[in-house]
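The values are calculated or read from the model by the stated rules, or taken from the named source; none is laboratory data. Because the structure is a prediction, the values reported are computed rather than measured. Every residue, glycine among them, receives a Cβ derived from its backbone with ideal geometry; neighbour counts consider all protein chains shown.
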Amino acid sequence: MKRYIISAAAVIFAALSAVSCNSKKNTADYVTDENFTVYTDTTYPQISADNLDKANEVSKLGKLRYALNGPKVELYHGDTLVKVLEFYYTPSPENFSVTDFNFDGYEDIFVPFESPADYGTYYCYNPEKRDFEENKVLNNIGRIMKVTDEGTLQEDKSDDYTECYVDYQWIDGNLKPVKKTETFKTAEGEVVTNVYGYDPTGKEFLAG
């Protein structure tokens, strides 16, 4: 929003001129740009040099791609080979997942175990070393997770009887559970959904 303050001298000069000349012109006709001081309370987002450099770097890296070469997994940024991961088995391509798991702006990759395939190893991109490294925090969970629209990592812990999802957030470099949702059907056929929260110590409580 802009507010304009008109120079008092300009207004007086315009008014006197109108009276002396008996002009029909409006006072505003005599007010020019140089008679204005413009103030604004509009704020504009600031992009730090670090973030701008990071955005440029991510753009230059190109999309993270992977290729299976037997038991080897080749990781590419665009057409550039960055790293080769070697395994004793050939990972199933159906259970790979590429996304920004640690929320640092760079794409990472989850490579599934031979069995069970919903568990595996997380490799996160280290921009300083320009390399992919195992992420110990993510690997402590081990199960494949997805990034939700709410900005959490969600683990599917469902079984044959209960749908169960646990949401995690990164807090001070650690991955903390923040919500668990369980849905199941009672013996009477009623569908029940329970939502759990976690206190600062990680203890679970019924939230709804």
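Which of the residues belonging to region 143-178 are among the β-branched types (Val, Ile, Thr) and either farther than 19 Å from residue 100 by Cα or in a strand (DSSP E or B) (or both)?
147, 162, 166, 171, 178
Out of all the residues in region 183-201, which are under 27 Å from residue 136 (Cα atoms) and either surrounded by 10 or more Cβ atoms within 10 Å (Cβ to Cβ) or modelled with pLDDT of 95 or more (or both)?
196, 197, 198 - these are the residues of region 183-201 that are under 27 Å from residue 136 (Cα atoms) and either surrounded by 10 or more Cβ atoms within 10 Å (Cβ to Cβ) or modelled with pLDDT of 95 or more (or both).
Among the residues of region 50-73, write down those that are at pLDDT 70 or above, in a helix (DSSP H, G or I), out of contact with any His (no Cβ under 9 Å at 6 or more places or on another chain) and exposed (fewer than 10 other Cβ atoms within 10 Å of the Cβ).
Correct list: 59 only.
Can you tell me which residue in region 115-152 is nearest to residue 78 (Cα to Cα), limited to those that are among the acidic types (Asp, Glu) and modelled with pLDDT under 95?
Looking at residues that are among the acidic types (Asp, Glu) and modelled with pLDDT under 95, I get 128.
Among 153, 175, which is the only one that is in contact (Cβ under 8 Å) with a residue 40 or more places away in the chain and under 20 Å from residue 110 (Cβ atoms)?
Step by step, each of 153, 175 is checked, and only 153 is in contact (Cβ under 8 Å) with a residue 40 or more places away in the chain and under 20 Å from residue 110 (Cβ atoms).
Condition check: under 21 Å from residue 174 (Cα atoms) and of a type outside the set (Val, Ile, Thr). Does residue 127 satisfy that?
Yes: the conditions hold for residue 127.
Taking the stated definitions as given, is residue 76 closer than 28 Å to residue 178 by Cα, modelled with pLDDT of 95 or more, in a strand (DSSP E or B) and hydroxyl-bearing (Ser, Thr, Tyr)?
no
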